[in-house]
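Down below is the structure, laid out as structure tokens.
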Amino acid sequence: MVVNSIIHILQTQGNDILNSIGQHITISLVSLLIAAVIAIPLAIVLMKHKKIAEVILQITSVLQTIPSLALLGILIPIVGIGTVPSVIALVLYAVMPIFQNTYSGLTTIDSNLEEAAEAFGLSRSKKLVKIEIPLAMPMIISGLRIAMVMIIGTATLAALIGAGGLGTYILLGIETNNNALLIIGAVFSAILALIFSALIKGISKLSLKKIGIIFMAVIVLMGGYFGYKTVEKPQVSITIAGKMGSEPEILINMYKDLIENDHPNMKVSIKPNFGGTSFLYKALKSNSIDIYPEFTGTVLESLVKTNKDASHDPKATYNLAKKLLKEQENLDYLKPMKYENGYALVVKKSFAKKYNLKTVSDLIKVENKIHAGFDPDFYQLKDGYPGISKAYNLEFASTKTMESSIRYKAIANNKVNLVDGYTTDPQIEEYDLVALKDNKEFFPPYQGAPLVSEKLITEYPELKATLNKLAGKISVEDMQKMNYQVAVKHEKASKVAHDYLVSHNLLREK
Amino acid sequence: MIEFKNVYKKYDNNENIAIKGLNLQINDGDFFVLVGPSGSGKTTTLKMINRLIKQTSGEILIDDENIENLNLQEMRLNMGYVLQNIALFPNMTIEENITIQPESLKWTKERRHKVVMDLLDKVGLPREYAKRFPRELSGGEQQRVGIIRALASNPKIVLMDEPFSALDPISRNQLQELVLKLHQEMKMTFIFVTHDMNEALRLGNTIAIMRTGHLEQIGTRDEIIHNPKNNFVNGFFKNQHNDDKKIKLIVDSQDCQQIDHQVADLNEENNISDLAQILRDKKFALVENSEGKVWKLTIQNLLNYLARDGDGRE
């Protein structure tokens, strides 16, 4: 089954995957080159200064211990999003193995050979080029190989900050429990690591002169490529990003469609499958991106400071979120769409039918038959299971915690008969499930709305009207269906988004 | 001419003074051997000539010029150097190893190649070795290359730091003959460090015996053998007065391999010099005693005896 969907994805998204591989190679090679250009000369300079070299080694080792996500988070406000922070992070990681190996390669040369070179009156540079570097070469190469493999592995995280690459597929695969995507991303990056490791090994067999020529050629090619990219790149005036997953990707494609339709002079670039909330929020505040869709509940929960208890009224929640965003961060929160993507209790349709279950309150009739499987967060959060069991006075026969990605599999296979979920999850359609209505409005409302930088709205106030076209549109069922088409059926998000806009008369067919 | 004038050397981390007021003259074209037990300062003395080690005080002159006033690189480029551990550069071919100094001296490719061929011929190595790498050669062959690498730029002075101590006795023997031949042909100043008295006497025109950082005696081979200045020199050379020593001494002093039913070359009452004569040509000699037992003696047994008897004990 996985094989079939892999083949399907390769057929429908082959170009995108090739593109990702290209991005991955580019980011990795550029990072490796920069790291090598920093680390190797540094090691050469410091080979006679043991104490300083030790200090540098310590520093590079400390860099190594910074979690990559934290590093990316630090970099966004400073250098923005995309390729630049990814390359910086990768370079920081790659410097250590290259430096360490070059340094120990140069300093562990047989002292007799050093003495001989000295006694024959070789100049410092001749000694370096003819003897020390060639003798240290195996160590330098192994350092480069370690760095390369590490870079290709870590570069998957570049997807989190909009630099693309194979990480897009891996992270999306993890996020949506889609093994086919996961395998595609992982296998291709493993293949890349093998190919480049072998290439570097091959290069090591060449003479120093040839290595120099190859090195220069790669730099010139890279320079040419980036030069071309900067010259060729159209003037982008608006950048829209979205979180990991199909839903944000569909939404940002709608934003793009609407904006480009209403304002033909504007160019919109989209960055789907961006990393977590904090990355997007930082990127928005530092003007690296201009718009991203955010949920009202999330705003109150983690983006703004508030001491009020979460309201259970969607309208009040939105108004509070909009007010606080404006006050605290000077961001504009445009009007929300219709659907709510909040927590829900989900059962099989057949189960609901059998016991005539429509609302959460109805569960009281069958509570001793319920075997629930919950995400660990949901199981513990005040707004999750402890809260809802109290609010509805429910006590289930048994509850288990399980990873969020496998709880749908568990209910599909009748291991449990009730799980927590999000109202728009595509799996609800995929596995023939139904979300029970939260008739007491216990769960905090999660309505999606475009979060926009004030700068953009002041500059182009007409955008407000364009984006507000989606206000009150898109029902839970619509969103569920579109998510299903993209996440499960692997249709293109841009097409699904466009079709929706056209069929709801928000956009004229081109 | 190389002169040492009241040279001292003291290492930072060591209480002892390595070289104590050394005065020395080495004439052009001499085969000058520095000999002494370990810790005597002979290698330190050698390495001060090409400034691998810097003296603490005193002056070293080459042709009346203080070496500290010479351009270090230029001076070293015109000095040959042979190391104890051979130290051929493993990343370079034999030809590249040999021409490391000529290349730095900017000789043309043709001239460099010619020198390599000439020198390979001279030390009896096949010309096709030029393209090989050091690891493809035996230890003895490698040190031949080590020697011609030191001669390639046709230097006035060649320094050799115990070049044969890591070799097997047969290779050592052959290479000793080779350096004698090369010295006669090329008329350079050879300065040779060894702890082996046999080697010193065999090679040196002038022999300087060192002990704990000072010169014990300096002179020609004959002067030292016939007029040892003191007990130390005498003891150090005693093993060379083997004419009246019997092979029995060797057999008695160490575990020699006993074998049966063989015709012996020598009797244990023969002189050690007779044994040495046979071991020059053969790998071992068979020695019998008055009771008819036969021992197999190798060059190693001889060297063990000489080393034990001649390492300076008074």
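The values are calculated or read from the model by the stated rules, or taken from the named source; none is laboratory data. Owing to the predicted nature of the structure, the values given are computational and were not obtained by experimental measurement. Every residue, glycine as well, gets a Cβ built from its backbone with ideal geometry; the counts of neighbours run over all protein chains shown.
Odds and ends about this structure:
Residues checked against (1) among the aliphatic types (A, V, I, L, M); (2) closer than 22 Å to B:HIS183 by Cβ; (3) within 14 Å of another protein chain (Cβ to nearest Cβ):
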{"position": "B:ILE86", "(1), (2), (3)": "yes, yes, yes"}
{"position": "B:THR93", "(1), (2), (3)": "no, no, yes"}
{"position": "B:SER104", "(1), (2), (3)": "no, no, yes"}
{"position": "B:GLY124", "(1), (2), (3)": "no, yes, no"}
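- Test: residue in region A:133-147 that is of a type in the set (Ser, Thr, Tyr), in contact with a Leu (Cβ under 8 Å, 6 or more places away or on another chain) and away from chain B (no Cβ under 13 Å): no
- Residue ranges of helices (runs of 4 or more DSSP H) in region A:5-120 with at least 2 members more than 14 Å from chain B (Cβ to nearest Cβ) and touching a helix residue (DSSP H, G or I) at 6+ places or on another chain (Cβ under 7 Å): A:50-65, A:68-79, A:83-107
- So A:THR296, is it β-branched (Val, Ile, Thr), surrounded by fewer than 19 Cβ atoms within 10 Å (Cβ to Cβ) and either over 20 Å from A:PRO77 (Cα atoms) or modelled with pLDDT under 85 (or both): no
- Residue match in region B:51-62 (condition: in the same structural domain as B:ASN154 (by TED's automatic domain parsing) and assigned to a helix (DSSP H, G or I)): no
- Within region B:96-109, residues that are touching a residue at least 60 places away in the same chain (Cβ under 8 Å) reach no partner that is part of a helix (DSSP H, G or I) with beta carbons closer than 7 Å at six or more positions or on different chains.
Residues are listed down the side, and each one gets a yes or a no for (1) touching a residue at least 24 places away in the same chain (Cβ under 8 Å); (2) under 17 Å from the mean Cα position of the chain (by Cα); (3) under 30 Å from B:GLN142 (Cβ atoms):
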{"residue": "B:THR189", "(1), (2), (3)": "yes, yes, yes"}
{"residue": "B:LEU203", "(1), (2), (3)": "yes, yes, yes"}
{"residue": "B:ILE207", "(1), (2), (3)": "yes, yes, yes"}
{"residue": "B:ILE218", "(1), (2), (3)": "yes, yes, no"}
{"residue": "B:VAL233", "(1), (2), (3)": "yes, no, no"}
{"residue": "B:GLN262", "(1), (2), (3)": "yes, no, no"}
{"residue": "B:ASN271", "(1), (2), (3)": "yes, no, no"}
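- Of all the criteria given as (1) among the acidic types (Asp, Glu); (2) modelled with pLDDT of 75 or more; (3) outside the structural domain of B:LEU180 (by TED's automatic domain parsing), the one not satisfied by B:GLU314 is (2).
- Residue match in region A:346-360 (condition: hydroxyl-bearing (Ser, Thr, Tyr) and surrounded by 21 or more Cβ atoms within 10 Å (Cβ to Cβ)): no
- Residue tally, condition in a helix (DSSP H, G or I) and either of a type outside the set (Val, Ile, Thr) or under 28 Å from A:GLN13 (Cα atoms) (or both), over region A:443-496: 29
- Under the condition of being over 17 Å from the mean Cα position of the chain (by Cα) and at pLDDT 85 or above, the residues counted in region A:222-252 number 1.
- Residue tally, condition of a type in the set (A, V, I, L, M) and assigned to a strand (DSSP E or B), over region B:119-169: 4
- Scan of region B:30-61 for residues that are within 14 Å of another protein chain (Cβ to nearest Cβ), in contact with a Leu (Cβ under 7 Å, 6 or more places away or on another chain) and not polar (S, T, N, Q), ordered by number: B:LEU46, B:ILE49, B:ARG51
- Residue count for region B:62-83 satisfying the condition of being under 24 Å from the mean Cα position of the chain (by Cα) and facing chain A (nearest Cβ under 9 Å): 8.
- Checking A:PRO386 against (1) assigned to a loop (DSSP other than H, G, I, E, B); (2) over 23 Å from the mean Cα position of the chain (by Cα), the condition it does not meet: (1)
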